[in-house]
Each structure stands twice: as C-alpha cells, then as structure tokens.
Amino acid sequence: MKGVMAWIDERFPLSAIIRHELTDYPVPRNLNYWWNFGSLAGLMLVIQILTGLFLAMHYKADIGMAFDSIEHMMRDVNYGWLLRYIHSTGASAFFAVIFLHMGRTLYYGCYRKPRELMMWTGQILLLLVMGAAFMGYLLPWGQMSYWGATVITELFGALPVVGESIVILLRGDFVVGDATLTRFFVLHYLIPFLIAGLVVIHLVALHTVKSSNPEGVPQPEKDAIPFHPYYTLKDFLGVCIFLIIFLGLVFYSPSSFIMADNNVPADAMKTPPSIVPEWYFLPFYAILRAIPDTLSGVVAMGVATVIFAALPFLDRSRIPGGGRFRPVYRWSFAAFVLVVIALAWLGAQAAEEPYVTLSRILSVLYFAFFLTLPWVSRWEEKWLLQRGTLPKEVLDYMESEEKKANNGGQS
Amino acid sequence: MAGDTINIIDKSDLQDPERRGVMGIGIATGAVAAVGAGAACIPFIDSMNPTADVLAKATTEIDISDIAVGEVRTVIWQGKPVFVMHRTPEQIAGVQDNDGGKDPQADSERTQKPEWLIVVGVCTHLGCIPNTADYGWFCPCHGSVYDYSGRILEGPAPFNLEVPDYEFLTDTTVRIGKQV
C-alpha cells in the first residue's frame, strides 16, 4: 500500500492533496451545525447527477414521447419510480439545503473579506442550480411544465425592441415546442457538470481563505483542528440526519413535490386555472408580480436573485463577522428571513388585493435590507463602539486590522 | 475551567484496554454504512435491466394453423426472428437418418413434433439471419450451411441453430419462450 502511494506520489501529488484538503486542513473548532449545509449541498448534487443519469437512460426528449416516457419510468422501469421520486424530491431538497447554506452565510457574515470569491462563485452556483431546476421542470412535459416554461421564456419578451426575437430564439419555435424541449434537455444534462466544476473552484477558494466561524473573529492557526476526523464525522452525522428526513419525504410523500396538474400532458390550447412556480422560486416570483410594469418586474426579479453578490461591498461595518456581535444586523437579518418567507407565501396567492399591495411592501423591504446596509452597518458600528460593550477580542481584532491598513498605506 | 491550563484529556487511563471498545462501534458503523451503500446501488443497477414492457415480450404466441406444408414462417420473439417450418415427409426423412455435421444432434432432440421445426433464425457464427435454400438455410454473411433440422453442415458457424423453449398450447397454437 505504501509502495503504491509512493509510486503515485512521484507522478501525482495524491497524498499532498489528501493532507492539504482533508487530514491537515485546519478548521475552526467552534463551527456549529449551520456549517453542515455545504457538504449537504454537495451530497444533493451527487444524488441529482446520479439519479438524473439513470433516468436519462429511459427519457425521450420528444414532445410526442416525453410524457409517456415518464410514465414508462414510473410503471415499467425497475425502481424507476424510486429514481424519479428521489430526483423530483431532490430538487426541493437541494434548494432547501442551498437556502439554509445562504442563510448561514448571511447571518454569520461569511461573505465578508477575504471571502468575496466564495460569495461570487456561490452566487453563480445559485443561478446555475436555478437554471437546471427550471429546465428540468419542462422535461416531464406536463401542463405545469409547459406553461411554466411558456411564462418564464415570455419574460424575455419584456425587453425593448429585441424582446420578441429573443423569445423565439430561446424557444426555437413560436411557442414552447419540440425544439425547446430538446435544448432544455441538453442544457439540463450539461449544467450539473458545470456546477460540479464550479464547486471545485468554490472549494479551492474556501481552502485558501479557510472557513469562517460563528464568532466572526478569525482564530489563530494554532487553535484550528484538522478537518479529518472531526468534521468528516460531523458532516457524516449531518448526512445521516438529512437522509432520514429526505428519504422520509421520498418514500412517504413524494407527490407533495409534484403538482397535480403536471400529471396532465401538456396542452398548448389550454392553460391550467392557476400557474404557480415551485416553492423555491416563489419569493422571486412574488417580486416579479409585485411590479405593474413587466420590464421593471423582470429586472427587479433578476436583481433580487443576484444582489447577494453585492453584499461584500454593502456591509461596511469594521466589526468582524455577522449577527454574533452586531444586534442591529442580527435583527435586520431576522426581518429579512421573515420577508422572504412572506414573499414566498404571497407568490402562491392569486394576483388580487390585498396580496398585491402586500407584495409591493414586502418587495421594498426585501431590497431595503441590502440597500440600507452600507449606512446601517456604519451607524451600528458607531453606536456599539460608543456603548462600549464589544468584547476585547473584537476590539483587538479591529485595532490590528486598522494597523494593517495603515501600514499598507505607508509602504 | 479557569482558562489557564487546558487539560481536557485525562491521560491516566491511556493504557486501559477498555478504551479500545470504541473501535468496535466504529467498525460496526462502517459495516452498516457499507451495507447501506451497497444496497443503495441496487435500484440504480437494476434500473438498467430489461423493463417490464420488454419482459412482456419474453413469450410470443403464434397461430400455426395456416402454415402450409413446406412453408417457413418467420415470427418475432424477443426481437429476434424465429423460423417456424412445416416440414414435408421427405424433408423429415432427410434429416432423421443422420446426426448432421460438426455439432451432431438427432433431429428428434430438436423437435417436439417431427413436422414442426422451430429454431431461432440467427446464425451461430456472428448473428446474421440465414436465407432459405433448397437444402435448408444458407447464411449470406460467411457461408454457413444448415439443413432442414437447423443443424450446421459446413461453414464457420460452430453450433446448430438454437431451438427456443416452446410449447404447443393446442394443436394450432405455439407459445415460444418460457412463461416467466
């Protein structure tokens, strides 16, 4: 065994990689369970790729055959029902895990210097996962698939001048049709591998800047513990608990994640009485609907999904970390979470009063969390320093950072 | 803890063999995880096996009442051609008096009723479909010659044409393939 490793190491730095990324990789000792969701997102990516791969062996990307090929999986393919239910429930589980991962990042201020690239690769990953989910949703070729894809591609029609031709280009047809289905299948198959590649970059960046921690104050290297066995085991426990919940849903409630209308084959001549996106798109959908002008609505929805990337610039506090030592940030984050949940609920309601007005108010609050942050974070810092309740470690860290900045300016 | 000394590990019992008990839990956990991971592979691999609708093609029932004496009918079973031949008395006599060529076998072992020959029409050499000839069948790909019992006489094919599982349900109905 040792001989084999030595033979490989002369040609490829295998044991150096294992040491650097696993056995010697230093991790703060105080990470809590909110730090488990990164590995869970990785697990969901693997589960979705594997089940998707085996489902693709039976899927037909043709509008005449797509719906029946799904039924074929459910009835004729050995364990096809299981693979499909894991995949369809998996989409929801993937988003749940990602949203919790993002919540951790926001609450603990993990986006802050030096983790800007973590935030930006994470932002692109979010968009890619959203794209994959949206295109995958068309593949069963049910009523919801069809009209969801129709509405979302139609959004691009709001663009001035070129709108209509872009919609036709995206669809490859005047309506969502065979060309649309085939290209969505191809992209749905491709994107997960782009995601996997970007995850590697996300992790390389993480292992360069190292994990943040719940306190937000960087810890000296000597206080760190190796990733293995401490966090391999903690991640493994997280995986076990997650799988119990996830497989519980897969086996006992799989159809809660498949809308009834999607068991009706797509009909281009008849729209179902209510079109509601999957739950993970609802907050953004609510923002889209809140704005009366289509183009502004599309832009607002787009900005709402990518505004997370701006957080490293928006947070101007010099107090390290997120909610731990910053009560104003902590409570505004809590309010933001409530706003997102309320928007998700509103996104599922009919477009009528009082929901429209409520959506408008909450959309403003959604953006207010981000746009007021530069001033709120500065004002909060001033207030906390005046109050003088910040712990010594935080003040020491602020002082050392200031010195570093001053020295940097002189040299 | 005053914070001046960190003494979390009590070193006094380091030599105690009881401490090794934790290894057993670790190994048991690993074993359960390995079995679980192995079991999780089953649905994935099994999904690549023939599906229920493919298995439904495992048997084919054919009506032989209208196959004339001397006629060969080609039917499809599991996607493969099967030759169903209503042999003439001369043809039967011609194959019953010898054991064929390089893969010797009596005609009686290859048929249930002498007048009906049922063989898979796939050459045992490389899978082509032999054509009928006035001595039996001739494979156009590499020249294998089969007699009216589907036995290889000459050419590269190593074996006689395969006799599928079949059963006469009535005098005029044959079910090819094994009932699953």
All alpha-carbon distances of the protein assembly as shown, grouped into 10 Å bins from 0, give the whole-percent distribution 3, 12, 17, 17, 15, 13, 9, 6, 4, 2, 1, 0
From the Cα centre of region A:137-213 to that of region A:88-114, the distance in Å is 20 Å
Between B:Ile25 and B:Ile129, the two model label points (7 Å from Cα along the beta-carbon direction) sit apart by a distance in nm of 6.7 nm
Among A:Lys210/A:Lys403; B:Lys57/B:Lys178; A:Lys113/A:Lys234; A:Lys210/A:Lys234; A:Lys60/B:Lys80, the pairs whose Cα-Cα distance exceeds 20 Å are A:Lys210/A:Lys403; A:Lys113/A:Lys234; A:Lys60/B:Lys80
To the nearest 0.05, the calculated FRET efficiency linking A:Asp173 and A:Ile245 through their beta-carbon distance, R0 being 35 Å, is 0.30
Taking a label point 7 Å from the Cα of A:Ile341 along Cα-to-Cβ, the residues of region A:244-284 whose backbone nitrogen sits under 15 Å from it are A:283
Reduced to Cα centres, the span from region B:13-51 to region A:373-409 in Å works out to 49 Å
Full extension between A:Leu233 and A:Arg330 adds, at 0.36 nm per residue less the Cα distance, a length in nm of 31.9 nm
B:Ala56 neighbourhood, Cβ < 14 Å, K/R = +1, D/E = -1, net charge +1
Quick shape summary for region B:89-180, equivalent ellipsoid via Cα gyration tensor, semi-axes whole Å in descending order, reads 22, 16, 11
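Using a cut-off of 14 Å between beta-carbons, work out the net charge of the residues near A:Asn406 (Lys and Arg +1, Asp and Glu -1, A:Asn406 not included).
Values: positive: A:Arg318, A:Lys403, A:Lys404; negative: A:Glu399, A:Glu401, A:Glu402.
With Lys, Arg at +1 and Asp, Glu at -1, the neighbours total 0.
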With the dipole of region A:277-411 defined by +1 on each Lys or Arg Cβ and -1 on each Asp or Glu Cβ, the option from A:Gly302, A:Phe367, A:Ile291 whose Cα lies farthest towards the positive pole is A:Phe367
Expressed in angstrom and rounded, the centroid-to-centroid distance over alpha carbons for region A:27-78 and region B:70-101 is 51 Å
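Taking only the Cα atoms of chain B, how large is their convex hull per residue, in Å³? It would help to have the intermediate numbers written out before the result.
On the way: hull volume 45.8 nm³, N = 180.
Expressed per residue, the convex hull around the Cα atoms of chain B is 255 Å³.
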A:Phe333 neighbourhood, Cβ < 13 Å, K/R = +1, D/E = -1, net charge +2
Rounded to the nearest whole number, the Stokes-Einstein translational diffusion coefficient of region A:207-298 at 20 °C and 1.002 mPa s (Kirkwood radius, C-alpha pairs) in µm²/s is 114 µm²/s
Across the alpha-carbon set of region A:275-411, Rg over Rh with Rh taken as the Kirkwood radius works out to 1.12
The helix A:143-155 Cα axis meets the longest alpha-carbon principal axis of chain A at an angle in degrees, between 0 and 90 and rounded to 10, of 60 degrees
For chain A, the dipole about the Cα centre with charges only on Cβ (Lys and Arg +1, Asp and Glu -1), to the nearest 20 debye, works out at 1200 debye
Those chymotrypsin sites (Phe, Trp or Tyr not before Pro) from region B:30-119 that are DSSP loop and have at most 13 other Cβ neighbours within 10 Å turn out to be none
Residues hit by the 20 Å² burial cutoff in region A:16-62, accessible area with a 1.4 Å probe, assembly against chain on its own, are A:Phe54, A:Met57, A:His58
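The values are calculated or read from the model by the stated rules, or taken from the named source; none is laboratory data. Just so you know, these numbers come straight off a predicted model, no measurement behind them. We place every Cβ from the backbone using ideal geometry, glycine too, and count neighbours over all the protein chains shown. Heavy atoms of the whole protein, side chains included, go into the accessibility calculation; ligands, DNA and RNA do not. Shrake-Rupley method; radii C 1.70, N 1.55, O 1.52, S 1.80 Å.
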